[in-house]
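Read the structure below first, then the notes.
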Amino acid sequence: MLLAISFFTISGIAGCRTAKVQSDNVKLESQSHIQKDAKEETMESDDKKSEKSSVDNGWQQSYKDIITYAKEYLVDPYGLREGNGSDRWAYVSLHDFNNDGIPELILGDSVSISIFTYQNNKAEKVIDLYEPEGWYSINNIYYRRNSLFLVSNGTSGSGYVCLTYKDGKYVTGFYDDYNPTMAAVNEEDTTYREFGKIFNISDLSENEKVPLVMLDANYEDITIRIKEGEPNIPLSKIDLSKLSL
C-alpha cells in the first residue's frame with residue numbers, strides 16, 4: 001500500500017489509473033498473505049488436534065489393556081485377593097497428578113491400589129499403595145486437592161496411606177490414629193505436624209470418596225458398571241476421561 005501511495009503522489013492525476021491498478025495488486029497480495037497465514041494457522045491447529053487425538057487414543061488404549069488384565073498388575077502383599085471371582089468391585093479412576101495434560105490411571109481394590117502414567121507412548125506403573133501389615137484391607141479411598149487417601153478402619157481409629165504430587169515428584173505418607181504424635185513421609189519417620197503440612201486428613205467427607213465400579217469379565221470384552229442399577233458397558237466403548245476425579 002505504501003508503494004501505491006508513493007506512486008500516486010509522484011504521478012499526479014495522470015497516474016491515477018496506474019496507481020489504482022498497483023493499489024489493487026497490493027491489496028490482492030496482502031489478501032493472499034492473509035489467506036496463506038490463515039491456512040498455515042489452520043494446518044498447525046489441525047496438526048495439534050491430530051497429535052492430541054493420537055495421545056488421547058494412546059493412553060486410553062494402554063489403560064484399557066491394564067484394566068483388562070488388572071490382576072496381573074496389582075500387587076497382593078498379604079495374599080488377600082485369592083479366591084475372588086471374575087465379578088468384582090474395583091477402583092477405576094483418572095486424575096492428572098503432575099498436571100502434564102495426560103491423566104494417571106488409579107486402579108485397585110480393597111487389597112491394593114496402583115497408579116499408572118503414560119509417557120513416551122507407553123503406560124508405566126508409578127507406585128503400588130497398600131496398607132501396612134496389621135491394617136491389611138482398604139475400606140475407602142478419598143480424593144482431595146491432588147491427594148489420595150487410602151483408609152483402613154480399625155475398632156478405635158483408622159490408618160491412612162497417602163499419595164500426592166509436589167514439587168515435581170510423588171510424595172507418600174502414612175499416619176494412624178493409634179500413634180497420634182507420629183507419622184511417616186516417604187517412608188521416613190516424622191511428626192504428625194510435619195505430615196499435616198503435606199496431607200490434610202481431617203474431616204474427609206462422603207463426597208470426597210473415590211467411587212467403586214463393577215468389573216465383569218464374563219464376556220468376551222470386559223465390561224464396567226459405573227453405578228449400581230446401571231447397565232454394563234463394554235470397556236472398549238467407554239471414554240475413560242469420564243472417570244476423572
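Mind listing whichever residues of region 105-137 are under 12 Å from ASP76 (Cβ atoms) and assigned to a loop (DSSP other than H, G, I, E, B)? Of everything in region 105-137, those that are under 12 Å from ASP76 (Cβ atoms) and assigned to a loop (DSSP other than H, G, I, E, B) turn out to be ASP109, SER110, VAL111, SER112, TYR130, TYR136, SER137. Return the residues of region 125-142 that are under 13 Å from GLY108 (Cβ atoms) and within 18 Å of the chain's Cα centre (by Cα); say none if nothing qualifies. Once the filter is applied, which keeps residues that are under 13 Å from GLY108 (Cβ atoms) and within 18 Å of the chain's Cα centre (by Cα), region 125-142 yields LYS125, VAL126, ILE127, ASP128, LEU129, ILE141. Selection within region 77-98: residues that are of a type outside the set (A, V, I, L, M, F, W, C) and modelled with pLDDT of 95 or more. The member of this set that is surrounded by the most Cβ atoms within 10 Å (Cβ to Cβ) is SER93.
If you go through region 114-129 and keep only what is out of contact with any strand residue (DSSP E or B) (no Cβ under 7 Å at 6 or more places or on another chain) and hydroxyl-bearing (Ser, Thr, Tyr), you end up with just TYR118. Before we move on, is ASN146 modelled with pLDDT of 95 or more, among the polar types (S, T, N, Q), under 23 Å from GLU72 (Cα atoms) and surrounded by 15 or more Cβ atoms within 10 Å (Cβ to Cβ)? Answer is no for this residue.
Does any residue of region 89-98 turn out to be under 15 Å from the mean Cα position of the chain (by Cα) and among the charged types (D, E, K, R)? Taking every residue of region 89-98 in turn, at least one turns out to be under 15 Å from the mean Cα position of the chain (by Cα) and among the charged types (D, E, K, R).
Kindly indicate which of ASP203, ASP167 is free of Cβ contacts under 8 Å to residues at least 12 places away in the same chain and under 18 Å from the mean Cα position of the chain (by Cα).
ASP167
Among the residues of region 69-120, the one identified as among the small types (Gly, Ala, Ser), within 22 Å of LYS166 (Cβ to Cβ) and in contact with a Pro (Cβ under 9 Å, 6 or more places away or on another chain) is SER93. Scanning region 165-187 for residues that are assigned to a strand (DSSP E or B) and under 24 Å from GLU104 (Cβ atoms) gives TYR165, LYS166, LYS169, TYR170, VAL171, THR172, GLY173, PHE174, TYR175, ALA184, VAL185.
Just checking, does region 219-227 include any residue being in a loop (DSSP other than H, G, I, E, B), touching a residue at least 24 places away in the same chain (Cβ under 8 Å) and in contact with a strand residue (DSSP E or B) (Cβ under 8 Å, 6 or more places away or on another chain)? Yes.
The values are calculated or read from the model by the stated rules, or taken from the named source; none is laboratory data. No experiment lies behind these values; they were computed from the predicted model shown. Cβ coordinates were reconstructed from backbone atoms using ideal geometry, including for glycine residues, and neighbour counts include every protein chain displayed.
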